[in-house]
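Structure, as structure tokens:
Rule-based calculations on the coordinates, nothing more; no lab input. Worth saying up front: this structure is predicted, and the values here are computed from it rather than measured. Note: ideal-geometry Cβ built from the backbone for every residue, glycine included; neighbour counts use all protein chains shown.
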Amino acid sequence: MTVALADAEIIALELPEALAERLASDAVAVLGERIDAAGVAHLGVSGGSVADRVVPAIVTAGNAAGLDWSRLHVWFVDERFVPRGGADRNATPVVAAMRAADGFDASRLHIAGSDDLGLEIEAAAADYEQRFVRHASPQGTDGVPSLDLALLGMGPDGHTASLFPGQLPAESNALVVAVEDSPKPPPRRLTLTYRALDAAQRAWLFATGESKAQALTLARSGTATPQESPLGRIRAVREVRVYADSAALGTSN
């Protein structure tokens with residue numbers, strides 16, 4: 001059994017800054033518990049406000065709590081297939097934020113290939129999947145590697161990771177696939193598939209701003225097809241949460 005987004009716990013706060021701090025505190029607690037229990041934890045992050053706002057907040061909260069950063073692996077639920085270090089790369093703000101994590105081992109920040117490394121995009125997807133399988137351990141019976149916590153964002157169109165309405169990849173055993181024609185620039189991307197995301201123990205969505213309200217309502221309704229609302233298809237093994245400000249929930253004055 002898995003938990004669906006329609007059944008998610010809602011964490012609602014008025015201000016995005018306070019919401020990011022609350023999510024960060026909760027994430028540090030979950031990651032610390034997993035490290036204590038298993039000796040290692042695996043965190044998946046996305047771009048946008050998760051990379052820009054939430055990850056730095058997690059670093060601040062983790063340092064304050066004494067989180068053992070040396071035992072944390074960080075993965076990307078999606079990445080743009082553009083040159084390293086550019087503003088379009090999800091990794092760019094995350095790399096900068098993780099430099100402030102006390103004792104973090106940079107080799108445990110797993111960054112997908114880019115188009116300036118001489119790799120074709122399909123080869124980059126296969127390489128990232130191989131690394132994910134090699135380092136992340138299955139926690140279920142199907143042998144799929146499991147993130148302990150996947151932090152997801154969303155777009156006003158209801159996309160999450162690089163899974164876009166009307167353009168979902170064909171069902172397969174793949175954990176990472178190439179996206180050649182994203183409707184949101186840049187067009188070429190790598191993304192975890194639902195097969196990989198479904199195996200996450202926890203999936204938490206960070207949603208802020210009035211532009212997200214309509215898509216978030218549809219995703220939470222449980223009535224939309226995955227092609228209509230990729231976000232609404234999100235599942236996790238143990239828990240799904242939505243961290244949303246009042247504007248995204250449509251409750252602001």
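Loop-only check: which GluC sites (Glu not before Pro) in the stretch 154-235 are DSSP coil with at most 12 other Cβ within 10 angstrom?
On the way: sites: GLU171, GLU180, GLU210, GLU228; in loops: GLU171, GLU180, GLU228.
Hits after loop and neighbour filter: GLU171, GLU180.
Could you give each residue of the stretch 200-214 its phi-based ³J(HN,Hα) in whole Hz, using Karplus coefficients 6.51, -1.76, 1.60 with θ = phi - 60°, and x for Gly or Pro?
Running phi through 6.51 cos²θ - 1.76 cosθ + 1.60 with θ = phi - 60° gives 4, 5, 9, 10, 10, 9, 10, 9, 9, x, 4, 5, 8, 4, 5 Hz.
Rg and Dmax of the stretch 115-223 over Cα atoms: what are they, in angstrom?
14.9, 43
Please state, to two decimals, what the Cα-based radius of gyration of the stretch 1-155 comes to when divided by 2.2 N^0.38 Å (N = residues). Could you put the intermediate results ahead of the total?
Details: Rg = 15.7 Å, N = 155, 2.2 N^0.38 = 15.0 Å.
This ratio for the stretch 1-155 stands at 1.05.
Work out from phi, with θ = phi - 60° and the Karplus expression 6.51 cos²θ - 1.76 cosθ + 1.60, the ³J(HN,Hα) of each residue of the stretch 12-28, listed in order in whole Hz, and give x for Gly and Pro.
3J(HN,Hα) across the stretch 12-28, in whole Hz: 10, 9, 5, 9, x, 5, 5, 5, 5, 5, 5, 4, 4, 4, 5, 5, 4.
With viscosity set to 0.890 mPa s and temperature to 25 °C, compute the Stokes-Einstein D of the stretch 157-201, Rh being the Kirkwood radius across alpha carbon pairs; µm²/s, no decimals. Provide the component values of the computation, followed by the final result.
Details: Rh = 10.9 Å.
Answer, rounded: 225 µm²/s.
Using only the alpha-carbon atoms, what does the stretch 66-141 span along each of its principal axes? Please give whole angstrom values in decreasing order.
Rounded to whole Å, the extents work out to 39, 37, 16 Å.
Can you compute 3J(HN,Hα) from phi for each residue in the stretch 72-85, using the Karplus curve 6.51 cos²θ - 1.76 cosθ + 1.60 with θ = phi - 60°, rounded to whole Hz and x for Gly and Pro?
9, 9, 10, 10, 10, 6, 7, 8, 8, 8, 9, x, 4, x
Report the local net charge at GLY32: Lys and Arg +1, Asp and Glu -1, summed over other residues whose C-beta lies under 13 Å from its C-beta.
Working: positive: ARG34, ARG71; negative: ASP26, GLU33, ASP36, ASP68, ASP148.
Local net charge: -3.
With labels modelled as points extended 7 Å from the Cα through the Cβ direction, what inter-label distance (nm, one decimal) is found for SER70 paired with ASP127?
2.9 nm
Would you work out the relative contact order for the stretch 103-201, in percent, from Cα pairs under 8 angstrom that are 6 or more residues apart?
On the way: 125 pairs, mean separation 26.2, N = 99.
In percent, rounded to a whole number, it is 26.
Quick check: net charge around ALA87, other residues with Cβ under 12 Å of its Cβ, Lys/Arg +1 and Asp/Glu -1? Could the numbers behind the result be given before it?
On the way: positive: ARG80, ARG84, ARG89; negative: ASP52, ASP88.
Once positives and negatives cancel, what remains is +1.
Using just the helices of the chain, give the 222 nm mean residue ellipticity in deg cm²/dmol: DSSP H runs with n ≥ 4 each add -39,500 (n - 2.57), and the total is spread over all residues, rounded to 500.
Values: 7 runs with 75 residues, N = 253.
Rounded to the nearest 500, it is -9000 deg cm²/dmol.
Would you mind giving the average projected area, over all directions, of the Cα convex hull of the stretch 51-96 in nm² with one decimal?
Details: hull surface 14.2 nm².
About 3.6 nm², averaged over all directions.
I want the local charge near ARG202. Using Cβ-Cβ distances under 13 Å, sum +1 for each Lys or Arg and -1 for each Asp or Glu among the other residues.
-2
Taking only the Cα atoms of the stretch 3-43, how large is their convex hull per residue, in Å³?
Numbers: hull volume 3.7 nm³, N = 41.
Here the figure is 91 Å³ per residue.
Considering only DSSP beta bridges whose two residues both sit in the chain, what percent are antiparallel, to the nearest 5? All intermediate terms of the calculation are to be shown ahead of the outcome.
Details: 11 of 33 bridges.
So the antiparallel bridges amount to about 35 percent of the total.
Restricting to DSSP loop positions (anything but H, G, I, E, B) with no more than 11 other Cβ atoms inside 10 Å of their own Cβ, which chymotrypsin sites (Phe, Trp or Tyr not before Pro) remain in the stretch 1-84?
Numbers: sites: TRP69, TRP75, PHE76, PHE81; in loops: PHE81.
When the chymotrypsin sites (Phe, Trp or Tyr not before Pro) of the stretch 1-84 are filtered for loop state and at most 11 Cβ neighbours within 10 Å, nothing remains.
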